[in-house]
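Participant: Provided herewith is a single structure, encoded as C-alpha cells, for subsequent inquiry.
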Amino acid sequence: MEPSKWKIGSTFSSISSSIPSSSPKSPSGSYFQNQQHQQIQSRLINENVHYRNQGKIGIGEINRFTVQYDASIDNGNVLEDDLGEYLWLRVRNIEMQVFRPIYFTGPFSFYIDVTPYNFDHRKDFDEPIEFNNDIKPGQSFKAKLRLNKNSLVKDCVYFWTIDVVAQLAMTTKFTINYDFMIGYDYKLLRKVTSDTAPDEAKLKMINVVRQDTKQLWQTPPRRPDDHVHLVVVTHGIFSNVGADMLYIKEQIEKMCDLNEASNVIVRGYDGNVGKSEKGIRYLGKRVAKFVLDLCDASKYKIDRISFVGHSLGGPVQA
C-alpha cells in the first residue's frame with residue numbers, strides 16, 4: 001500500500017500490518033521498518049490536523065476562536081456517525097498534573113464551550129451545547145463540531161464559536177497554558193507532538209480567528225463619525241471582564257442593533273482584577289480614572305455615559 005493512498009482515520013494497527021516485515025535476525029531491517037513506521041505515523045498525524053494554537057490565559061481572561069469550515073473543498077476524509085459528519089475539537093490543559101489540587105492559587109483550570117452558528121438561547125435548540133466548566137491540568141476537552149443545519153452558514157460552509165475562559169482565582173501571578181486543536185480523528189489528535197503542524201492545504205478549507213479579551217472589548221460603534229453613547233460595565237468582587245461581563249456587553253450591543261438610532265460602545269475595566277481586598281474607594285477611583293482617560297483618548301465623540309454594575313460593581317461605580 002502506498003503512503004499517499006492511506007486515509008485519515010486509519011488505525012495504527014492497520015498501518016503496521018501494511019509495512020513489510022523484516023527478519024528478527026536483521027537489525028538493519030528492523031531499524032528501517034521502525035523508521036518507516038515513525039515517518040508514516042508522523043505524516044498521518046500532521047495530515048489529520050486542520051488547525052492548532054498553543055495559547056495561555058490569566059485571571060478573568062478569555063480567548064475566543066471563531067471557526068469557519070468549507071466542506072465543499074475537503075478531500076472526503078470527514079468522519080461520520082449516526083448523527084452525521086463532524087470534525088473533532090480537542091483542547092488540552094497542558095499545565096503539570098501536580099497543580100490539579102490547586103485552585104485559588106492558579107488559575108490552573110479553565111472553562112470551555114462550543115456554540116454552533118445558529119444557536120439562540122431564547123429559542124428551543126435540538127442539539128446539546130458542548131461545554132466543560134472545570135478542565136484541570138493534564139485533562140482535555142473534546143467535542144464533535146457537527147456539520148449540520150445548526151452550524152450551517154450557507155452551502156457547505158459551517159461556523160462555530162469556541163470560548164476558552166480562565167476559571168475564577170484570587171491571584172494575577174499565574175497563567176494557564178493550553179493546546180487547541182481541530183482535526184479529523186480524535187485518536188490522532190491525542191498523538192500530536194511539539195512539532196506537529198497543520199498541512200498548509202487545510203488553510204483553504206478552514207479559517208480560524210482567535211481574539212483575546214482586549215480585542216473582544218474593542219467593538220466599534222455602528223456610526224464612528226456620529227455622537228456615541230458609552231456604556232461602562234463593572235464586575236463585582238473579582239473585577240474582571242471575562243465571560244459573564246462579555247455576555248452582558250454583547251447582549252447590550254444586540255439590543256442596540258435593533259434600534260437604528262442607537263450608536264453605542266460598551267467598555268469594561270480589567271485593571272482591578274485581583275485587587276478587591278483594597279476596598280471600594282480604591283477600586284472606584286481606578287474605574288473613574290479609566291473612564292476619564294477613555295473619554296480623553298477616544299477617537300469617538302462621546303456625548304453620553306451609562307454605567308452597568310454587577311454586585312460590588314454598583315458601589316464601586318457610585
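The values are calculated or read from the model by the stated rules, or taken from the named source; none is laboratory data. These numbers were taken from a predicted model, which means no experiment stands behind them. Virtual Cβ from ideal backbone geometry, glycine too; neighbours counted across all protein chains shown. Side chains are part of the model used for accessible areas, which takes the heavy atoms of the whole protein and leaves out ligands, DNA and RNA. Shrake-Rupley method; radii C 1.70, N 1.55, O 1.52, S 1.80 Å.
Participant: Please find, among N133, N150, the residue that is in contact with an Asp or Glu (Cβ under 6 Å, 6 or more places away or on another chain), of a type in the set (S, T, N, Q) and either open to solvent by 40 Å² or more (accessible area, probe 1.4 Å) or closer than 30 Å to M255 by Cα (or both).
Facilitator: Being in contact with an Asp or Glu (Cβ under 6 Å, 6 or more places away or on another chain), of a type in the set (S, T, N, Q) and either open to solvent by 40 Å² or more (accessible area, probe 1.4 Å) or closer than 30 Å to M255 by Cα (or both) holds for just one of N133, N150, which is N150.
So that you can scan it fast, the table gives a plain yes or no per residue for (1) over 13 Å from the mean Cα position of the chain (by Cα); (2) not in a loop (DSSP other than H, G, I, E, B):
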residue: F108; (1), (2): yes, no
residue: H121; (1), (2): yes, no
residue: D124; (1), (2): yes, no
residue: G138; (1), (2): yes, no
residue: K144; (1), (2): yes, yes
residue: T161; (1), (2): no, yes
residue: V164; (1), (2): no, yes
residue: K173; (1), (2): yes, no
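Participant: Another question, then. I'd like to verify a number: residues in region 260-318 that are among the aromatic types (F, W, Y), over 19 Å from T213 (Cβ atoms) and in contact (Cβ under 8 Å) with a residue 24 or more places away in the chain, how many? Show your work before the answer.
Facilitator: Taking region 260-318 and keeping what is among the aromatic types (F, W, Y), we get 269, 282, 290, 300, 307.
Among the residues that remain, those that are also over 19 Å from T213 (Cβ atoms) are: 282, 300, 307.
Applying the additional criterion that residues be in contact (Cβ under 8 Å) with a residue 24 or more places away in the chain yields 300, 307.
Going through region 260-318 one residue at a time, the tally reaches 2.
Participant: Looking at the structure I just gave you, is Y269 aromatic (F, W, Y), within 17 Å of T219 (Cβ to Cβ) and buried (at least 18 other Cβ atoms within 10 Å of the Cβ)?
Facilitator: It is true that Y269 is aromatic (F, W, Y), within 17 Å of T219 (Cβ to Cβ) and buried (at least 18 other Cβ atoms within 10 Å of the Cβ).
Participant: I'd like the full set of residues that are out of contact with any Asp or Glu (no Cβ under 7 Å at 6 or more places or on another chain) and open to solvent by 50 Å² or more (accessible area, probe 1.4 Å), limited to region 213-229.
Facilitator: K214, Q215, Q218, P220, R222, R223, P224, D225, D226
Participant: Return the total of residues in region 230-246 being within 24 Å of the chain's Cα centre (by Cα) and either hydrophobic (A, V, I, L, M, F, W, C) or not in a strand (DSSP E or B) (or both).
Facilitator: Qualifying residue count for the region: 11.
Participant: A further question follows. Return only the number of the condition from (1) under 25 Å from Q167 (Cα atoms); (2) open to solvent by 60 Å² or more (accessible area, probe 1.4 Å); (3) part of a helix (DSSP H, G or I) that G314 does not satisfy.
Facilitator: All conditions are met except number (2).
Participant: Within region 105-130, how many residues turn out to be open to solvent by 50 Å² or more (accessible area, probe 1.4 Å) and closer than 28 Å to T171 by Cα?
Facilitator: The number of residues fulfilling the criteria is 2.
Participant: While we're on this one: Condition test on K275, is it open to solvent by less than 80 Å² (accessible area, probe 1.4 Å), at pLDDT below 95 and under 30 Å from S72 (Cβ atoms)? Write out each step before concluding.
Facilitator: Working: open to solvent by less than 80 Å² (accessible area, probe 1.4 Å): yes; at pLDDT below 95: yes; under 30 Å from S72 (Cβ atoms): no.
Criteria not met by K275.
Participant: Looking at region 247-263 only, could you name the residues that are part of a loop (DSSP other than H, G, I, E, B), out of contact with any Pro (no Cβ under 7 Å at 6 or more places or on another chain) and either open to solvent by less than 40 Å² (accessible area, probe 1.4 Å) or of a type outside the set (G, A, S) (or both)? Full working, then the answer.
Facilitator: Step one: list which residues in region 247-263 are part of a loop (DSSP other than H, G, I, E, B), which gives 258-263.
Within this subset, residues satisfying the condition of being out of contact with any Pro (no Cβ under 7 Å at 6 or more places or on another chain) are 258-262.
Matches in region 247-263: L258, N259, E260, S262.
Participant: Out of all the residues in region 284-303, is one or more within 23 Å of Y247 (Cβ to Cβ), open to solvent by 50 Å² or more (accessible area, probe 1.4 Å) and part of a loop (DSSP other than H, G, I, E, B)?
Facilitator: Scanning region 284-303 turns up no residue that is within 23 Å of Y247 (Cβ to Cβ), open to solvent by 50 Å² or more (accessible area, probe 1.4 Å) and part of a loop (DSSP other than H, G, I, E, B).
Participant: Oh, and also: Does K204 satisfy the criteria of being farther than 20 Å from R64 by Cα, open to solvent by 50 Å² or more (accessible area, probe 1.4 Å) and out of contact with any Ser or Thr (no Cβ under 7 Å at 6 or more places or on another chain)?
Facilitator: Answer is yes for this residue.
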